[in-house]
Amino acid sequence: MSPAVPSGRGVAWRIHLAGAAALAVVVLAALATGPVRIDPVAAWFAPADDPAHVILVGARAPRILLAALVGASLGAAGAALQALLRNPLACPHVLGISGGAALFAILASVALPLGASAALAVVPGAAFAGALATAALVHAVAATAGAPTPTTLLLTGVVFNALAAAMITFVDAIADPSRARGILSWVIGAITVRGLPWAALAASTLAAGALLLLGSARDLNALALGEESAAGLGVGVERVRRRVYLAVALLVAGAVPVSGMVGFVGLIVPHLVRSFAGGDQRRVVPGAIWGGAAFLVAADTLARSLLPTELPVGVVTALCGGPFFLHLLRREGRSALGDAG
Amino acid sequence: MSRLEARGVGLRYGRREALGAVDAVVAPGSILGIIGPNGSGKSSLLRVLSGIRRPDAGQVLVDGRPLAGLADRERGRTIAFVPQETHPAFPIRVREMVLLGRAPHVGPFGWEGPADLRAAHEAMRRTETLDLAERPLDQLSGGERQRVVLARALAQEAPILLLDEPTAFLDLRHAVVLLDLVRDLAREGRSVGLVVHDLNLASMYCDRLLLLSRGAVVAEGTPDEVLTWVRLCSVYGTELYVAPNDVTGKTVVLPLSKEHLERLHRGPRA
């Protein structure tokens, strides 16, 4: 008997290959692009004091690495939240999880007199606590409403983002200028190179979060059918939910201290991935990791080379994402806002 | 083959009592139909039996062992539960939907292996959905959709099958096709529990019926034992016509309109 139902295993490997290839192309282009055009390969092998080499290794490579890590984190988190909440408009930014993380991180870094090494421990910890607290709130709102009405969730997010933005602006106004420098760019989101340890931190939270989500992808597929169907398929719904929120909080906690509240990455990328890879989360999650990285590297390259002055990357993602969000709202209509089911 | 048994189960939603001390048995090789008016606790009982809701009192046993003691995945391999409605959040093809039935058999990072593909294929063959394999689920008719959902439950290869109003959105032909299949599945040794709204379908297909009213069991037995005129009129709170029919010999239940009732009470006129 020849089964009429092919397995998706091969497709998953193709997603990883295609994603890695796309990211490699974007990274090469990004390394070449900027106020000064350089040939990345030649510059890499150039002597250490060659200006092109200095730009490549000292400025562009760290920035691109960071953008890739942040983009991958936000893409993965967005894909998982959309599946978990059964809502195509969910992402860490829209739900206020990024805002909650930024709020806590700002409070910690301004209120406590932290040295550089203490900040490395405390700020991401605070961001994690903020992300987790917001995620718990989102969870509670979703749970009390019985079936999570997406409108309620999105409104919770609006409130948290507004709170975070207000708090950041307030802190910027009252804080010692030397400590609060650059803090305003957190509101819109900008890739901020803070040194290797911060990149390593973002890489570890990405690894941990991605692993948790890849391991939950199968259960997320069942959850996309609804909680009761998933429970009937032997999925421990509550356990999966906790695991996903934990992963999202980790991913956001790694991203926020080096990028602030970058919007729309987690919203757009999963849609793009689903449009060519289908709805299976075992393909969507890895696709969103690679795709998120490529998307944010590309957006950040535009941000730093489009104008003579540098734009925060959040401006670029919002300019791409805003219209896309409206398009989704229009297409999904009432079903995306969900109240009418 | 597995026997599913509820012993004195109670369930509350906040302060509202949905079930109070209900006993029920879903036995191998037979269909138990759970019937009753709206809000009588039919779906609640099915949720408790399936293990997706823990009862607040009493317990559910699988072959004499507590269902609560099973791990989630083990429960998914033992009991296939299909809620009344399934609305996937994302577009999904029929074969993907059926393969989800293998969820309790596949590990966390796993993909379906040959055994899983065979089980899904067999489930689709039984439900005559092989031709639909590549179709998006949201493009199917109500009857096709229910067959696909049933295929997913079959792919779980669980000895116990619990379905919440599988015929709710089906016309007569599709309802009969589906329930014929469900009866075949029961005859092969599965234990089947159904919530049924339509008393005539319940009478025709179920081996035993459990009549619920306000969260309590009013009657349990064969359809002929349970579906009596006095009992049904009182439980459903309306006048009914209840009688065996000539074709199947089974009981048929007919609601009576206000107009007919008035005519009945006035008596025959000259």
So for region A:9-337, using the alpha carbon gyration tensor with a ≥ b ≥ c as root eigenvalues (a/c under 1.5 gives rounded; past that, a/b versus b/c decides prolate or oblate), I'd call it oblate
Counting only DSSP loop positions in region A:171-256, the trypsin sites (Lys or Arg not before Pro) whose Cβ has at most 15 other Cβ atoms within 10 Å are A:R181
Most fluctuating of A:L223, A:L326, A:L81 in the GNM of chain A (C-alpha, under 10 Å) is A:L326
Stokes-Einstein, Kirkwood over Cα pairs, region B:43-154, 37 °C, 0.692 mPa s; D in µm²/s equals 216 µm²/s
Contour minus Cα-Cα span, B:F109 to B:R15, at 0.36 nm per residue, comes to 29.8 nm
For A:A208 and A:A136, extending 7 Å from Cα along the Cα-Cβ vector and measuring point to point gives, in nm, a value of 1.7 nm
Expressed as a whole number, the average count of other chain Cβ atoms within 10 Å around the Cβ atoms of B:1-12 is 0
Expressed in nanometres to one decimal, the distance between label points 7 Å along Cα→Cβ at A:L272 and A:V41 is 2.5 nm
Mean other chain Cβ within 10 Å across B:133-139 is 1
If R0 = 30 Å, then B:E262 and B:R231, at their Cβ-Cβ distance, give a FRET efficiency to the nearest 0.05 of 0.80
For A:F324 and B:T248, extending 7 Å from Cα along the Cα-Cβ vector and measuring point to point gives, in nm, a value of 5.4 nm
Cβ density ranking, 10 Å radius, fewest first, applied to A:D49, B:D164, B:D138, B:D56 yields A:D49, B:D138, B:D56, B:D164
The answer for trypsin sites (Lys or Arg not before Pro) in region B:104-195 that fall in a DSSP coil and have at most 15 neighbouring Cβ atoms within 10 Å is none
Proxy exposure order for A:V269, B:V252 (fewest C-beta within 10 Å first) is B:V252, A:V269
The FRET efficiency for B:E128 and B:E74, from their Cβ-Cβ distance with R0 = 35 Å and rounded to 0.05, is 0.70
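Each value in this text was obtained by applying a stated rule to the coordinates, not by laboratory testing. All values reported here derive from a predicted model rather than from experimental measurement. Neighbour counts run over all protein chains shown; Cβ positions are idealised from the backbone, glycine included.
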